[in-house]
1. By average Cβ neighbour count within 10 Å, what is the ranking of B:223-236, B:281-294 from highest down?
2. For the stretch B:423-428, in order, what is each residue's ³J(HN,Hα) by Karplus, 6.51 cos²θ - 1.76 cosθ + 1.60 with θ = phi - 60°, in whole Hz (x at glycine and Pro)?
3. Please report the equivalent ellipsoid semi-axes of the stretch A:95-147, computed as sqrt(5 x eigenvalue) of the Cα gyration tensor, largest first, in whole Å.
4. Tell me, what is the Rg over Rh of the stretch A:157-242, with Rh the Kirkwood radius over Cα pairs?
5. Checking a compactness column here: for the stretch B:10-89, what do you get for Rg(Cα) / (2.2 N^0.38 Å), N being the number of residues?
6. Would you mind estimating how fast the stretch B:214-319 diffuses translationally, via Stokes-Einstein at 10 °C and 1.306 mPa s with the Kirkwood radius over Cα pairs, in µm²/s?
7. Relative contact order, percent, of the stretch B:63-217 when contacts are C-alpha pairs under 8 Å separated by at least 6 residues?
8. Once amide H atoms are built 1.01 Å from N in the peptide plane, which residues 5 or more positions from B:Ile419, or in another chain, come under 5 Å H to H?
Amino acid sequence: MADETKNHGSEKKYGQFHRRVFEANIVNFAIWATIAILIGGIVEIVPMFTPAGTEISPDVTPYTALEVAGRDIYVSEGCYLCHSQWVRPMRAEILRYGAWSRAWEYQYDRPFQLGSRRIGPDLHRVGNKYPDAWHYEHMRDPRSTSPGSVMPPYAWLLTNRIDAGDVQASMKALRKTGTPYSDEDIAGVEASLATQGGEIVGRLGDAGIQSDPDRAIIAMIAYLQRLGVDGRAALQKQGVEY
Amino acid sequence: MEESASAGTGVPAAVYDDDIVKRFAIATILWGAVGMLVGVIIALQLAWWPANLGLPWTTFGRLRPLHTNAVIFAFGGNICFTGIYYSMQRLLKTRMWSDALSKIHFWGWQLIIVSAALTFPLGLSQSREYAELIWPIDIAITLIWVVFAINFFGTIAIRRVKHIYVAIWFYMSFVITIAVLHIVNNLAMPATFLRSYPLYSGMTDALVQWWYGHNAVGFFLTTPFLGLMYYFLPKAAEKPIYSYRLSIVHFWGLIFLYIWAGPHHLLYSGLPDWVQTLGMVFSIVLLAPSWGGMLNGLLTLRGAWHRLRTDPVLKFMVVGVSFYGMSTFEGPMMSIRAVNGLAHFTNWVIGHVHSGALGWNGMISFAVLYWLVPRLWNKPLAKPNLATQHFWLATIGIVLYTVSMWAAGLMEGLQWRAIGDGGQLANPIFIDIVHRLEPFYWLRLLGGSLYFVGALMALYNFWKTIRGPESVSTDASAPVPAT
């Protein structure tokens, strides 16, 4: 063959095989390359869909309507780019954040938000760590609660509103993916939003802050206050200390 | 027919579609400048938070996906397509199978980029790293990728040489694997036209996403760029590739091993231990085929090293391949569980990514552009000295960037974990550590800005070249050297 390399004699032998079997037959080449790139993913990912691959716990329940709305905002704003939700099983992390994160705590997380960077602190155990009013003020002006913070203010969350129909669409889609929402959960979105939102607005009112149950900030607070709470309760029930 | 065509007879340049190559080349440098500018802006935001501007559309959380997607899929994607459309026509001695598909690919890809640039600032994101684009755009990517794949394999099918050069093997793994990764990772249930939820949840979603995310590095930022190296490095050095046998071994080794490495992004997580360990082990083994590629590139320069003094293309090429070697050493090291325990979540990872992105992908891209632009437009490079200055500015920029991020990453990693004599955290206030990072963020901003200014110099140089007078002679149609 005219374009045979002349430089290395030993390469001729290997070249003959590779040229005949793969390079001269693109279909064969493409099929074998596809097999080569599929094996690793199949071996690692497929077992995750078996009962042994993914731990689940009955102690973790799906997010409420308001928490779903808050999580949508968390996802939309790209919070995961600065905040992880993943406490690693290391002494310093447990001291700083609390119990390390178990797989089953994430069972209803779509998308997962473990994150890959800690420009700010981890949030997986932030639920119930601060009062609602702290989160409100922190979102309005991060430096009012955390002097020297580099986080941008999210003042528009204080004025933006969430839409019950939108939240309902989210919960319907989540149910199709496997989140166990009942028909009542879906039908009762509006009431659920008002009830849980009203509680938060009430607590904010006690701290002298005026807000409405349908504000984006209320949903965000509901979601943040939920983070790690089910897991912590389940671990305490199991007698895990941290 | 095939045999006689491969016998070294040159094909007239007119049979090749170089218009499509020109379009992709221009898109590369323009999107490259945009993507790097956004990078400079978000680097400033970390050093000085008021640069978030107090607006929803310009916060770090919304702009960072714009930066990563622009530099990976707009700058990186367009340079790969530039090199692929130029080299595969010449390597296969045929025009692209369909000019119409080439055009659909080009305009479709640019529209996808524009849609990304519009949706991210609006807060429309899946928030799955490097797969942030919302589901309608994901479908558009799938369709355009199929168009590209049909044209790619169609062109191979009508080739006028029998054997397929190593560059095209790497391009092929890019075409196949990105399709598989993109589709499997983005399977989702739409809730509205703008929002969807993945079919996977929790740790399964994390594993699928990092299988995708790490192999976006492997098959978007590594294999097609190795293909570019295999074509353009021998061209620029005017030497044949060092070892055909090595290219076979490291090609199959690389594509087989890379796909396993994703779980190293999830060490110390709730992922089953055996998956974490597999990810770590395969990441370490991956060093071998990675360095196989680096050595095959560098050893191709045997007997041509003196030309490094004068040829900016080779300067960019050699530094690019060297950074490839360095970051593919650093990556496996960071995948070792104990090292990862320190490095994970820190700026060290950012430094590592940029030694690969700026050092390897960026430098190879500029090498290809500096080599191609004069040949495509048949005009000499307007400012050769400016290209050399660009090279030095970029190299210094990368060094400032990576060194500052290494230092910042080590510092924060150590301070997060430090335990005092009484068994309590030595640095209990997180924000204290954030403050100590500020000087490193300014240094990183300086390094990134130098690199960005270099890209603007290239943009200016290409502009002057394209607008300049015709060259007397050309070697754009010179036959491709044998493997």
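1. Details: B:223-236: 25.7, B:281-294: 19.9.
Highest to lowest by the protection proxy: B:223-236, B:281-294.
2. Ordered by residue, 3J(HN,Hα) equals x, 9, 5, 6, 10, x Hz.
3. Numbers: eigenvalues 110, 31, 31 Å².
Largest first, the stretch A:95-147 gives 23, 12, 12 Å.
4. Working: Rg = 15.4 Å, Rh = 14.6 Å.
Expressed as Rg/Rh, it is 1.05.
5. Numbers: Rg = 17.4 Å, N = 80, 2.2 N^0.38 = 11.6 Å.
Compactness ratio reported: 1.50.
6. Details: Rh = 15.1 Å.
Result for D is 105 µm²/s.
7. Working: 137 pairs, mean separation 42.5, N = 155.
Relative contact order of the stretch B:63-217: 27 percent.
8. Answer set, sorted by chain and number: B:Ala426.
Throughout, read-outs are computed from the coordinates displayed, never taken from laboratory work. What you see is a predicted model, and the numbers here were worked out from it, not measured in a lab. Reconstructed Cβ throughout: ideal geometry from the backbone, glycine too, with neighbour counts over all protein chains shown.
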